[in-house]
Amino acid sequence: MMKQYQLAMPQQVFSGETGMQALESLAARHKKAAVFTDAGIRASGVLERPLAELDKAAVPYVVYDTLPAEPTCDQAQQVIDTFRESGADLIVAVGGGSVMDIAKLASITADGSCTVRDQLKDPRIGKKTVKTIMIPTTAGTGSEATPNSIVAVPEEQLKVGIVNPEMIADAVILDGEMIRRLPRKIAASTGIDALCHAIECYTSAKANPFSDLFAMQALRLIFANLEKACDDADALDAKEKMMQAAFYAGVAITCSGTTAVHALSYPLGGRYHIPHGVANAIMLMPVMQFNKSCCSKKFAEVYDAVGGTGAGTDTEKADWVINQMDAMVKHLDIPTSLKPYGVTETDLPLLVKAGMDVQRLLVNNPRTVTAADAEALYRAIL
Ligand SMILES: NC(=O)c1ccc[n+]([C@@H]2O[C@H](COP(=O)([O-])OP(=O)(O)OC[C@H]3O[C@@H](n4cnc5c(N)ncnc54)[C@H](O)[C@@H]3O)[C@@H](O)[C@H]2O)c1
Ligand SMILES: [Zn+2]
């Protein structure tokens with residue numbers, strides 16, 4: 001039996017047709033709200049409904065709508081410095097992982113007692129002084145559920161995860177309408193990110209009964225709905241289910257942890273600026289093949305849960321699950337190699353070094369990853 005495992009989640013989670021209306025009462029007790037978002041989201045029109053709820057609550061608000069995608073630690077700090085002048089006592093994040101991650105950092109550094117760079121050295125020093133409401137617009141990173149915030153550190157050409165339970169959101173609103181007009185390319189890569197969270201957490205060395213529950217339900221929903229949610233703009237039911245799946249996969253991350261897919265993809269984001277979901281999609285196949293022999297029973301459980309067909313042994317079932325994930329990535333037209341990004345053989349030593357530095361996640365991998373293994377895994381996607 002495992003020594004200890006625990007479940008930590010946002011205090012309140014709203015979903016369903018009228019879920020967005022919860023924002024009115026959630027905001028009502030506050031003196032001023034700061035709405036964090038970005039230009040793409042503002043242009044898509046999805047900000048209108050959350051702002052209408054804030055109007056109904058008669059809470060004054062300021063909108064920060066130029067947040068950067070995949071922020072560096074210094075870009076996040078700039079947003080936080082501007083936000084600190086607002087006097088707001090509530091942050092409403094309407095966005096993907098990039099927006100939510102900055103909002104979470106702002107909520108624990110608003111009193112000015114530490115900076116984002118301080119937290120790279122000591123992730124636990126921030127204390128929450130401003131409440132947060134997360135309204136994801138991608139499905140997604142699951143950042144609305146996790147205590148993690150990911151920032152790029154330019155001088156190290158790496159992305160780093162700051163993990164602090166203080167960053168868990170106070171409230172979350174999951175609304176499929178928010179992803180109705182999400183461009184297919186972004187829906188696809190963010191959906192594969194959620195798939196990676198779920199399968200990595202389910203096969204992680206840190207997996208436990210709590211994380212298994214959430215990761216498995218996320219897998220059921222993703223296998224059944226991801227392609228439809230991306231292909232059909234009007235498939236609102238599939239989009240709602242992807243919103244739930246991304247959230248469940250985020251809860252699974254909080255109780256378990258991602259593994260070598262995420263560890264080895266961090267340098268791809270940090271060094272070559274490959275979007276997070278795409279980098280994970282590229283790493284997924286080689287890592288799953290590498291891990292297969294160590295967790296074929298877990299893959300077989302996934303096969304049974306998602307309605308796999310035609311396989312008998314655990315190994316055959318694992319092959320079916322892995323092939324099915326490969327087919328999803330290909331159906332969604334996401335690159336499966338580093339070729340489009342100009343990465344070559346000469347980049348391997350630096351990639352291996354940077355990847356091996358992400359021990360925080362590599363220790364979760366069900367099979368030990370040596371530097372030679374990492375090199376072979378990167379070589380497989382050149
Ligand atoms: N904190 C966590 O637990 C966690 C987990 C995984 C990833 N991340 C981080 O999250 C970031 C990636 O987040 P992401 O994949 O959600 O993408 P993103 O937030 O970077 O957004 C990508 C693009 O999509 C656009 N967009 C978002 N929602 C839209 C909508 N509804 N309609 C139209 N356009 C829309 C944005 O304007 C942006 O240009 C990375 O920095 C990654 O490292 C964090
Ligand atoms: Zn991820």
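The values are calculated or read from the model by the stated rules, or taken from the named source; none is laboratory data. All values derive from a computational prediction rather than experimental measurement. Neighbour counts run over all protein chains shown; Cβ positions are idealised from the backbone, glycine included.
State yes or no: is Ala169 in contact (Cβ under 8 Å) with a residue 60 or more places away in the chain, within 27 Å of Gln11 (Cβ to Cβ) and either assigned by TED's automatic domain parsing to the domain that holds Leu361 or of a type outside the set (S, T, N, Q) (or both)?
Judged against the criteria, Ala169 is a match.
Is there a residue in the range 223-237 that is of a type in the set (S, T, N, Q) and touching a residue at least 24 places away in the same chain (Cβ under 8 Å)? Don't jump to the end; show me each part of the working.
Within the range 223-237, the first condition is being of a type in the set (S, T, N, Q), and the residues that meet it are 225.
This time we only want the ones that are touching a residue at least 24 places away in the same chain (Cβ under 8 Å), so: none.
No, every residue in the range 223-237 fails to be of a type in the set (S, T, N, Q) and touching a residue at least 24 places away in the same chain (Cβ under 8 Å).
Residue check: Cys294 meets all listed conditions (1) over 30 Å from Met1 (Cα atoms); (2) in contact with a Pro (Cβ under 6 Å, 6 or more places away or on another chain) but one, namely (1).
Among the residues of the range 127-145, those identified as within 16 Å of Phe83 (Cα to Cα) and either crowded, with 24+ Cβ neighbours inside 10 Å or without any contact (Cβ under 8 Å) to a residue 40 or more places away in the chain (or both) are Lys128, Thr129, Thr132, Ile133.
Within the range 256-267, being away from ligand 2 (no atom under 12 Å from the Cβ) and out of contact with any Gly (no Cβ under 6 Å at 6 or more places or on another chain) holds for Ser256, Ala260.
Of the residues making up the range 328-360, those that are closer than 23 Å to Ala187 by Cβ and part of a helix (DSSP H, G or I) are Met328, Val329, Lys330, His331, Pro340, Tyr341.
Restricting Asp74, Asp81, Asp101 to residues that are in contact with a Pro (Cβ under 8 Å, 6 or more places away or on another chain), free of Cβ contacts under 8 Å to residues at least 60 places away in the same chain and in a helix (DSSP H, G or I) narrows the list to Asp101.
From the list Ile162, Ile222, the lone residue that is within 16 Å of ligand 2 (Cβ to nearest atom), of a type outside the set (Gly, Ala, Ser) and over 15 Å from Ile253 (Cα atoms) is Ile222.
Look at Ala371 and say whether it is under 14 Å from Pro267 (Cβ atoms) and either of a type outside the set (Val, Ile, Thr) or touching a residue at least 12 places away in the same chain (Cβ under 8 Å) (or both).
Criteria met by Ala371.
In the set Ile282, Ile253, Ile274, which member is within 16 Å of ligand 2 (Cβ to nearest atom), farther than 17 Å from Thr368 by Cα and not in a helix (DSSP H, G or I)?
It is Ile274.
Just one of the listed residues (Asp111, Asp81) is acidic (Asp, Glu), more than 14 Å from the chain's Cα centre (by Cα), modelled with pLDDT under 95 and more than 25 Å from Ile186 (Cβ to Cβ), and it is Asp111. Of the numbered criteria (1) away from ligand 2 (no atom under 13 Å from the Cβ); (2) closer than 30 Å to Ser15 by Cβ, the one Gln289 fails is (2).
Take Ala187 and tell me if it is more than 9 Å from ligand 1 (Cβ to nearest atom), over 20 Å from Gly19 (Cα atoms) and outside any loop (DSSP other than H, G, I, E, B). Criteria not met by Ala187.
Only one of the numbered conditions (1) surrounded by 17 or more Cβ atoms within 10 Å (Cβ to Cβ); (2) in contact (Cβ under 8 Å) with a residue 60 or more places away in the chain is violated by Tyr303, and that is (2). If you go through the range 158-182 and keep only what is in a loop (DSSP other than H, G, I, E, B) and of a type in the set (A, V, I, L, M), you end up with Ile168, Ala169, Leu174, Leu182. If you go through the range 176-200 and pick out every residue that is within 12 Å of ligand 2 (Cβ to nearest atom) and under 20 Å from Ala39 (Cα atoms), you end up with 2.
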